Amino acid sequence: MSGAIMITQLFFTLIIGMYFLTKLKVEKSDLRTIEEHSAKESEHLKNMRRICLCEPMTEAARPENMDEIIGQQDGIRALRAALCGPDPQHILIYGPPGVGKTAAARLALEYAKDSEGTPFGKNAKFVEVDATIMRYDERSIADPLIGSVHDPIYQGAGAYGTAGIPQPKEGAVSKAHGGVLFIDEIGELPACQMNKLLKVLEDRKVMFESAYYSQENKNIPEYIHDIFKNGIPADFRLIGATTRKSDEIPEAIRSRCVEIWFNELSRDDIEKIILKTAKRFCILMDDGAVNIMSQYAKSGRDAVKLLQMAKNIVFLDGRKRISTDDAAWTLNACRYTNGMYFDGDEKIIDISVIKPKEKNS
């Protein structure tokens, strides 16, 4: 009887031993596969980072200081009055595309840091988000603007998930704590997120909830208890930019902000932008080319795009100067005109038949 028991025990011992040995081999094989895949992907990522195209002229030509923002003297002064000094305010900037709203917002915090009595520290952050691509999960699993809680049921395996500990995650409002949160096209924010943002502006902190949180759970780290009890700080100044009209923005957000309007650029303003950009990038242009581009460009960004296009046409033809004909051809090719423009003598010229000068011109 005892012999049969020993044989049975030996049999099960062998079976269990074989099971764990097989499992160990599989784990080693999986680990080796992961390491090989990781090395391959790391090399692929390094190769991708070695490839770098030139910066688009529309980005490289962005203003580097407030004085370089053309045509918005009143708007710039109002922006500095609202943000610089001892009592900075939340701000809404209205204006058409390409007139300098984003550029001004990016520079505003740096000016504010140097103003007398400012509450902004030298390390205050400028956090930028685009409302047109801001997405959130209705179950609050993910919200890059406000923040969210990763509950164990969603966060999967791992020390916190296994222990049943919910993990609060910071959103942009908390990352901007002590600095500026810039929301481009703020009028595109979903109503739900807009309401959450209003609550944060009032409380200057973000509160979280989770069905998995319990004050009595001793496994939950102290800092998570602190977050669920007191929230995550989110004391910042909001700068929202929009191309919408003021009456299209919720009154609740407007009432909490100073409203500033940036003007549509005049032809003289656009001409200054073309000349400034041409000088920065050492582009030679005829006066007539500057004149015609400034007639049809709709914004500063538009003017720079046209200038880059004309510069490339001239480069491909082996020439160094943008002529009036080059500018006219570029405008017509990009469908900026109806095929007609006024020359310097106010004579109507049909540019639909104009071609760029030949290579040896």
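Could you identify which residue out of GLU216, GLU202, GLU68 has the top mean-square fluctuation in a GNM of the chain using Cα springs shorter than 10 Å?
Among GLU216, GLU202, GLU68, the largest mean-square fluctuation in the Gaussian network model of the chain belongs to GLU216.
Would you mind classifying region 104-212 by shape? Square roots of the alpha carbon gyration tensor eigenvalues, ordered a ≥ b ≥ c; an a/c under 1.5 is rounded, otherwise it is prolate if a/b is larger than b/c and oblate if not.
Prolate is the answer for region 104-212, as a/c is 1.5 or above and a/b outweighs b/c.
Once label points are set 7 Å from the Cα along Cα→Cβ at both LYS46 and GLN295, what is their separation, rounded to one decimal in nm?
Going by the 7 Å Cα→Cβ label model, 5.6 nm.
Given the DSSP H assignment, sum -39500 (n - 2.57) over each helix run of at least 4 residues in the chain and divide by its residue total; what's the result at 222 nm in deg cm²/dmol, nearest 500?
-14000 deg cm²/dmol
Taking the alpha-carbon distance from LYS229 and a cut-off under 22 Å, which lysines remain once sequence neighbours fewer than 8 residues away in the same chain are dropped?
Cα-Cα hits under 22 Å: LYS169, LYS175, LYS196, LYS199, LYS205, LYS218.
Where the only charges are on Cβ atoms (+1 Lys, Arg; -1 Asp, Glu), what is the dipole of region 1-113 about its Cα centre, to the nearest 20 debye?
380
Under unit Cβ charges (Lys, Arg +1; Asp, Glu -1), what dipole magnitude, rounded to 20 debye, does region 1-53 have relative to its Cα centre?
Details: 8 positive and 6 negative charges, 39 e Å.
Magnitude of the dipole: close to 180 debye.
Go ahead and set up a Gaussian network model of the chain, Cα springs under 10 Å, then flag whichever of GLN72, GLN167, GLN215 fluctuates most.
GLN215
Let me check I've understood the local charge: for ILE93, count other residues with C-beta under 15 angstrom from its C-beta, Lys and Arg +1, Asp and Glu -1. What total comes out?
0
How long are the semi-axes of the ellipsoid equivalent to region 270-337, from square roots of 5 times the Cα gyration tensor eigenvalues, in whole Å, largest first?
Calculated on Cα positions only, the semi-axes equal 16, 14, 10 Å.
Suppose every K and R has +1 on its Cβ and every D and E has -1 on its Cβ; what is the size of the dipole of the chain about the Cα centre, in Debye to the nearest 20? Walk me through the intermediate numbers first.
On the way: 48 positive and 52 negative charges, 198 e Å.
That gives a dipole near 960 debye.
What's the FRET efficiency of ASP226 with TRP261 using the Cβ-Cβ distance as r and R₀ = 41 Å, to the nearest 0.05?
So, using R0 = 41 Å, E works out to roughly 0.45.
Using a 10 angstrom cutoff on alpha carbons, build the Gaussian network for the chain and name the most mobile of ASN219, ASN123, ASN47.
It is ASN47.
Could you check how many percent of all C-alpha pairs in region 45-116 are farther apart than 17 Å?
In whole percent, the long-distance tail amounts to 52.
Arranged from highest to lowest average of other beta-carbon atoms within 10 Å per residue, in what order do the peptides 302-314, 222-234 appear?
Ranked by mean Cβ neighbours within 10 Å, highest first: 302-314, 222-234.
Which loop trypsin sites (Lys or Arg not before Pro) in region 114-214, with loop taken from DSSP, have no more than 14 other Cβ atoms within 10 angstrom of their Cβ?
LYS122, ARG135, ARG139, ARG204
Where the centre of each part is set by its Cα atoms, how far does region 8-24 sit from region 225-265, in angstrom?
Between the Cα centre of region 8-24 and that of region 225-265, the gap is 65 Å.
Of LYS125/LYS276; LYS101/LYS279; LYS272/LYS311, which sit over 21 Å apart, Cα to Cα?
Long pairs (Cα-Cα over 21 Å): LYS125/LYS276; LYS101/LYS279.
Could you tell me the distance between the Cα centroids of region 273-304 and region 32-54, to the nearest Å?
41
Read-outs throughout are calculated quantities, based only on the coordinates presented, and are distinct from any laboratory measurement. Model, not experiment: these values are computed from the prediction. All Cβ positions, even for glycine, are placed from backbone atoms using ideal geometry, and neighbour counts span all protein chains on display.
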